[in-house]
Every structure is written in C-alpha cells, then in structure tokens.
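Single-structure report; data block below.
The values are calculated or read from the model by the stated rules, or taken from the named source; none is laboratory data. These figures come from a predicted structure and were not determined experimentally. Because the Cβ atoms are built from the backbone with ideal geometry, glycine has one as well, and the counts that use them run over all protein chains shown.
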C-alpha cells in the first residue's frame, strides 16, 4: 500500500509518500507524477511516513531526479534511518539531495 | 541441535501479483525471531528483488512455480531463505555490479536490485541442482 498526497503551490510541488514504495506500488507513483511535473520548478518528496523502498521505488526516484535536473530542483526530506541507509548503500545519497 | 531449527515452505506461482503473499509469508516467519526493523526491511527488500526476478525472467514468456523455503536457526540467530525455480538456468550473482558512484545522468535504471541483496545480506549463494535454480540468502538476526 502506498498513499500519495500532492500539495502544489505555484511552481512548487510537495509529494508526501506513506506506506511502501515497491514493485507493486512504484508504477502508481510513476503515473501520478508523469503529467504533474511539467510546470514544476521545485519538487519536494516528504518521506516521513515511507516505511519501505525497494529498487523499483529507487528507479522511479532516479527517473524523476533526471527530469528535475532539467526543470529545476528536487529534494528528499524526512526519510527514516532505514530508508536513508538504502540510499547510502545504493549510492543514491550522492544522487539525491537529502535533507 | 536441529530441533530448534524452524523450517517453513511456500510454493507459489511466480507472478509479481503474488509478491504480497510472499512478503507476508516471510514476515510471519520473521516474527518468530527477535530481528530489528532494519534487518526486517533488508530481508523484505532482498525477498522482493529475488522473487520479482523469478517472476520476470525465470519462465518467460510462460509462467511457473517458485518455492520459498525459510529456515530460522534461533541458536545461531540466523535466517536463511532459499528461492527455488525450475526456469532457465540463471545465476544473478554473475551480473556485474552497477557503478554506484555515477551521477543521475550517467546511472542506468537497472541492476540495482541484486546489488542491494549482495550488500545487505551476510551470505548469498547460488546453485543449479536437479534442473533447478537455487538462490539462498542468509542473514544474522
């Protein structure tokens, strides 16, 4: 189960994820964001309630990061220690801006 | 002392739609150990990566079974999980590790899953026996 909440203010979009970002739910996030990023200059992923991320979830974050490298910037906030460790092991901590 | 080893097995159609059932099976068994949230998450990730690999590649374009065997050794505080399939012989451990130092632009989308498994588990073994792929992960809990 993944819950996706989006708060847009002008060209800033906050995406709040809760639950699990895995093989089953990653396509859901991908399609939610597909058309939502066009006008976005600043993207914030709030992961405070994200319990779990697998490589399928990392793949979505990577492809969104690539889009945002062209359009503006992206930050990841409030990730748990467990999720942060996954970012470390996979080198994602160097790719993403983690706050 | 073999009597303190708990062993459970799940035989299931290797389809990504069955991932939740596999995770549930593993989590139920992990509740028999004193493992931390962090280790539970690492094991969950490894299970997802390995089961999804079988679902995607082992029998394509047909489908087939996967057998997941979990062994809990509470004496040595160790959990082993074996994934068995009768599909195409394939050793995922031979796959080259992704370069995790590359930038977002340079990174390829694939290859991360098995790398995460290798990094997070204490032991990962592959064998091809009796026409079956057998991949075993072991983790101290």
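The set of residues from the stretch A:43-58 being buried (at least 16 other Cβ atoms within 10 Å of the Cβ) and in a strand (DSSP E or B) comprises A:43, A:44, A:45, A:46, A:47, A:50, A:51, A:52, A:53. Within the stretch A:59-99, the set of residues being assigned to a strand (DSSP E or B) and crowded, with 20+ Cβ neighbours inside 10 Å comprises A:74, A:76.
Do we have any residue at all in the stretch B:105-114 that's touching a residue at least 60 places away in the same chain (Cβ under 8 Å), outside any loop (DSSP other than H, G, I, E, B) and under 15 Å from the mean Cα position of the chain (by Cα)? Yes, the stretch B:105-114 contains a residue that is touching a residue at least 60 places away in the same chain (Cβ under 8 Å), outside any loop (DSSP other than H, G, I, E, B) and under 15 Å from the mean Cα position of the chain (by Cα).
Please verify whether the stretch B:113-131 includes one or more residues that are in contact with a helix residue (DSSP H, G or I) (Cβ under 9 Å, 6 or more places away or on another chain), more than 14 Å from chain A (Cβ to nearest Cβ), surrounded by 13 or more Cβ atoms within 10 Å (Cβ to Cβ) and more than 26 Å from residue A:91 (Cα to Cα). No: zero hits.
Please determine whether any residue of the stretch B:39-59 is in contact (Cβ under 8 Å) with a residue 40 or more places away in the chain, over 24 Å from residue A:80 (Cβ atoms), in contact with a strand residue (DSSP E or B) (Cβ under 6 Å, 6 or more places away or on another chain) and more than 13 Å from chain A (Cβ to nearest Cβ). Yes: one or more hits. Within the stretch B:9-29, the residues that satisfy the criterion of being assigned to a helix (DSSP H, G or I), out of contact with any strand residue (DSSP E or B) (no Cβ under 7 Å at 6 or more places or on another chain) and either touching a residue at least 12 places away in the same chain (Cβ under 8 Å) or crowded, with 16+ Cβ neighbours inside 10 Å (or both) are B:16, B:19, B:23, B:27. Examine the stretch A:15-27 for a residue that is more than 23 Å from residue B:44 (Cα to Cα), more than 10 Å from chain B (Cβ to nearest Cβ) and either at pLDDT below 95 or not in a strand (DSSP E or B) (or both), and state whether such a residue exists. No; the residues of the stretch A:15-27 include none that is more than 23 Å from residue B:44 (Cα to Cα), more than 10 Å from chain B (Cβ to nearest Cβ) and either at pLDDT below 95 or not in a strand (DSSP E or B) (or both).
Suppose the filter is touching a residue at least 12 places away in the same chain (Cβ under 8 Å), more than 10 Å from chain A (Cβ to nearest Cβ) and closer than 22 Å to residue B:119 by Cα; does residue B:86 pass it? Taking the combined requirement at face value, the residue does not satisfy it.
Taking residue B:54 as the residue in question, decide whether it is buried (at least 22 other Cβ atoms within 10 Å of the Cβ) and either over 14 Å from the mean Cα position of the chain (by Cα) or in a helix (DSSP H, G or I) (or both). Spelling it out, residue B:54 is indeed buried (at least 22 other Cβ atoms within 10 Å of the Cβ) and either over 14 Å from the mean Cα position of the chain (by Cα) or in a helix (DSSP H, G or I) (or both).
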